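K.L.:
Sharing a structure here in structure tokens format.
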Amino acid sequence: MAKKNSAAGNILNSNQAPTDNKSYFDFVAMLLIFSIMLIDFFPQFGSSEIIAPQYLYLSLINIASGLFIYKNPELLSSSLLAKFKTSLLTKSYVLFLGLCTLSIFLANNFSLALVSLVQLFIVGCLAFNIAVFLNNRLYLIYNIALLISAFVLIEGLVALNSFFSTVKTESILAALAQLRGNTGNINIFAASLTGRIPFILLAILHFKDWRKWVVVFSLFLTSFLVLLTASRASYIAIFLIFVTFVVLHFIQKSERSQKLRVIATVLLPLLFAFTASSYMFSKSEDTGRFASVTSRVAAINPINSTDGSVNIRIKYWENALMIANENPVFGVGLGNWKVESLPFEKEISSRLVVSNHPHNDFLEIAAETGYLNFIIYLSIFIIALIININRLRKNDNELSQTIAFISLLLLLAYGIDAIFNFPMYRATMQLNFIFIIVLSVINTVDVDVLAPNKNHKLPAGILVALGIFTSYFSYAIFKSFQFENDTIIDLAQVDSPRKYTYTDIVNRIPRFPNVANNSQPYIEVAAIYALNEKRYEQALNYFNQSEKINPYTGRSSFYKYRLYKETQKLDSAAFYARKAFDTRPRNEDYYLSALVVEANAKDTTAILKIHSRYTQYVKDPSVWINTSSALAQSRYPNNYILKFIDTGLALFPTDSTLINRKKSFEKDAILAKKVANVTTVSATAIMKANMYAAKSDFKSALKFYKQAAIDDPNNIIITQNIGICYFKTNQFKSAIIYLEKALNSPQLTDGKTEFILGASYLNTNNKEKGCKYLIVAENKNYPEAAKIVAQYCN
């Protein structure tokens, strides 16, 4: 596939410029590629997700491109349209988009479905535009490869500078955790870089002067950063890309010495990248994700894996198949996984963690749009594979072979990521998908008909109309993501009054989408603000509406519990506390609330049932402490409480909190009443503290948590809760003291301590430590941590 010096002059007619405006249209084509590559350097513009401004920008590019095509009809030749009409790949892609369109009218949540469809249409229109501009200009592929290599080099240097800056101020481990570029996610960053490697390889093959060595350095830097991310999917993809490159290069007809030089030029940067990344991992002293390259590769094998992320991903795949089996024809609706998957996750996800995607685009399509569309979507990749293999086997056109080769490498990179992640809705990943489609369709050796299409106005007009349509909704999506970001930050603040009022929020409630990235209906945010302002009637109304949109998280039920608690309607409060726990039985807040209402009702049978169900998923000494407190408050017999504590000690025989709790019930008969009273006081203090905390009365909660701490000073959960109460009452320095005591406890592994501690440090203007702990919370997948990190720590 090495490019000869005269190759550009020996291209068949299909790759020659059709008009006298060759240089002008070449420039415009390169300008288009340059423009779309800029999205990797976009700021978030106050959006909770980078994809919102990216898709809005791409939709505007589609409008500009459509208008340009309308003014230059020679770009849209009849032969180009014939390529689209006769290509099986194009037909499959159009049919795929058609079934996606149909699915939105059958979806439970039309708003979510429309948002996803808009993003797919933006990609489809952009693919058409790029095909129009590159038709008869495939000789530009080398310049495009050089341009993309330059963009990747700049992106890599920016990421590397940020990496070493973090190393200097914090640690290598913290720097590794923050390695995400401008994508917002470490795995997406890795996949995006991996998808650009085929273009880097092409540039290395083609250029012979100083530009080649600049691109070689770009290859080293890209490989180094991908290896540092420890992304298993990208490890697989980069391995397959280099193996395929070596194999195909070896079988081509050229001198052996030349083959070895090319392969060495490509593999040596990879070897140096491996050595450098291994050194960085060894200095991080991590025992998890960033332990070493080899340990991360070993973790790819899902068989008998103890890796939680592997197991949870497999569970997501199983859930996707179950949803598809229940809805085999049309699925649950495009984009509706975010809501419809939640009933299948309530027993595998703690707190309010949601998947958003099943980490497999093919299975997501099956679940959302049915098995037929799954087959069609899969066929797009199979057809592209067959097309490019066949073109690679032909020996009639070197440029066509080269493009087929690059398309195959792109297909490997994108296909692997589609199996393990969710590139379908990530704009930076969709650029790779677009190149696969475009290069596979227009890379023909047929002689082109140069006459302009007489009906050029119709497709150009449709293109502009679709651009306007998608721009309108892209702007609405962008504003909704800004709303989400604003309210997350506002609700995270404990300072009073908040920046926004209930009225402000009601006037900004988004419609497209109507559900946030964490699956929370936006209307529920308005209900929370109404509840905080004691507007109980409005709050209840919005909570009811929210529950109709998404009844699967238990949030609305939990807030109704708080509402009815505040309004002294205790029967209703108890009903919704139980309902919240039943909806999401792994949620700690729901579990504690359910204990509170059953302890108030002195229903020990219900308390034990709650304990039994919660410990199916969460086994921690604190659970036995909390439940025993509820039992003590309910006047459960002393000897039965001892037997109950023994069940906890059977699992955690050396836990000091459980040992001390048992000792408090092991006094002789004379002191039993006194000990029981003391224990009851402690239990009552905890239950009252939980009650006040649920009502956001953190000053009162703090008072009772301190009472409980006197009786149970080694209870790390109480220590954490004291720290949280100090945080909620703006006493950040005191919060830091208690939260640091709770750090690294084997009982506290969900990232909550680190999240609140990081926020406390931010509030004392210590950004370095604040971001350090927030990033730890993010790595533990604590809800909202990633968004706070994106807001304050980038």
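No lab work stands behind these numbers, since they all come straight from the coordinates. Please read these numbers as outputs of a predicted model, since none were measured by experiment. Don't worry about glycine lacking a Cβ; one is built from the backbone with ideal geometry, like all the others, and counts go over all protein chains shown.
K.L.:
Under 5 Å between amide hydrogens, which residues at least 5 positions from residue 77 or on another chain qualify, with H placed 1.01 Å from N in the peptide plane?
P.N.:
453
K.L.:
I need the peptides 554-560, 124-130, 137-143 ranked by packing, meaning the mean over residues of other C-beta atoms within 10 angstrom, with the highest value on top.
P.N.:
554-560, 124-130, 137-143
K.L.:
Can you give me the Cα centroid spacing of segment 207-250 and segment 365-444 in angstrom?
P.N.:
Value for the Cα centre distance between the two parts: 19 Å.
K.L.:
Of [x] 1.03; [y] 1.00; [z] 0.96, which is the value of Rg/Rh (Cα atoms, Kirkwood Rh) derived from the coordinates here?
P.N.:
Of the labelled values, this structure produces [x].
K.L.:
Run the helix sum for the chain: -39,500 (n - 2.57) per DSSP H stretch of 4+ residues, divided by residue count, reported at 222 nm to the nearest 500 deg cm²/dmol. Walk me through the numbers on the way to the answer.
P.N.:
Values: 36 runs with 561 residues, N = 794.
Helix contribution divided over all residues of the chain: -23500 deg cm²/dmol.
K.L.:
Sort 425-431, 561-567 by the packing proxy (mean of other Cβ within 10 Å over each peptide's residues), most packed first.
P.N.:
425-431, 561-567
K.L.:
Going by a 4.7 Å Cβ-Cβ cut-off, which cysteines of the chain have no partner at all?
P.N.:
Taking the Cβ cut-off of 4.7 Å, the unpaired cysteines of the chain are 100, 125, 725.
K.L.:
Next up: Tell me, what HN-Hα J-couplings in whole Hz come from the Karplus equation 6.51 cos²θ - 1.76 cosθ + 1.60 at θ = phi - 60° for each residue of segment 255-268, using x for Gly and Pro?
P.N.:
Karplus-based 3J(HN,Hα) across segment 255-268 equals 5, 4, 5, 5, 4, 5, 5, 5, 5, 5, 4, 8, 7, 4 Hz.
K.L.:
With a sphere of radius 12 Å drawn around the Cβ of residue 321, what net charge do the other residues whose Cβ falls strictly inside it have (Lys, Arg +1; Asp, Glu -1)?
P.N.:
-2
K.L.:
Let me ask something additional. Taking amide H atoms as placed 1.01 Å from N in the peptide plane, list the residues 5 or more away in sequence, or in a different chain, whose amide H sits under 5 Å from that of residue 515.
P.N.:
522
K.L.:
Could you list 712, 396 so that the one with the fewest beta carbons within 10 Å of its beta carbon is first and the one with the most is last?
P.N.:
Going from sparsest to densest Cβ surroundings: 396, 712.
K.L.:
Still on this model: Which ordering of 686, 144 is given by a fewest-first count of other beta-carbon atoms within 10 Å?
P.N.:
144, 686
K.L.:
Could you list which residues have their amide H under 5 Å from that of residue 351, counting only those 5 or more apart in sequence or on another chain, with H placed in the peptide plane?
P.N.:
Amide H neighbours of residue 351, under 5 Å, 5+ apart: 587, 588.
K.L.:
Can I ask one more? Take peptides 474-481, 101-108 and line them up by average Cβ neighbours within 10 Å, highest first, as a rough protection proxy.
P.N.:
Per-residue Cβ counts within 10 Å, averaged per peptide and sorted highest first, yield 474-481, 101-108.
K.L.:
Which residues in segment 125-148 have a backbone N closer than 17 Å to a point placed 7 Å from the Cα of residue 157 along the Cα-to-Cβ line?
P.N.:
Once the point is set 7 Å along Cα→Cβ of residue 157, 146-148 turn out to lie under 17 Å by backbone N, inside segment 125-148.
K.L.:
Between segment 730-794 and segment 309-363, what is the separation of their alpha carbon centroids in Å?
P.N.:
Spelled out, the Cα-based centre of one part sits 29 Å from the other.
K.L.:
Too long at a 20 Å Cα-Cα cut-off: which of 619/787; 315/780; 733/772? Could you put the intermediate results ahead of the total?
P.N.:
Numbers: 619/787 29 Å; 315/780 18 Å; 733/772 17 Å.
As for pairs spanning more than 20 Å Cα to Cα, those are 619/787.
K.L.:
So, counting K/R as plus one and D/E as minus one, what does the shell of residues with Cβ under 15 Å around residue 601 add up to?
P.N.:
+3
K.L.:
Net charge near residue 110: determine it from the other residues with C-beta under 15 Å of the C-beta of residue 110, scoring Lys and Arg +1 and Asp and Glu -1.
P.N.:
Numbers: positive: 338, 511, 548; negative: 340, 368.
So the surrounding residues net to +1.
K.L.:
Further question on the same structure: Is the shape of segment 741-794 rounded, prolate or oblate, going by the alpha carbon gyration tensor and its root eigenvalues a ≥ b ≥ c, with a/c under 1.5 for rounded and a/b larger than b/c for prolate?
P.N.:
On the way: a/c = 2.44, a/b = 1.34, b/c = 1.82.
In terms of gyration-tensor shape, oblate.
K.L.:
Still on this model: Report ³J(HN,Hα) in whole Hz for each residue of segment 571-583, in order, from the Karplus equation J = 6.51 cos²θ - 1.76 cosθ + 1.60 where θ = phi - 60°; Gly and Pro get x.
P.N.:
Once θ is set to phi - 60°, the couplings for segment 571-583 become 5, 5, 4, 5, 4, 6, 5, 5, 5, 4, 5, 5, 6 Hz.
K.L.:
Sticking with this structure for a sec: Give a residue-ordered list of calculated ³J(HN,Hα) values for segment 365-379 (Karplus: 6.51 cos²θ - 1.76 cosθ + 1.60, θ = phi - 60°; whole Hz; x for Gly, Pro).
P.N.:
So the J values, rounded to whole Hz, are 5, 4, 5, 8, 10, x, 5, 4, 5, 4, 5, 5, 5, 4, 5.
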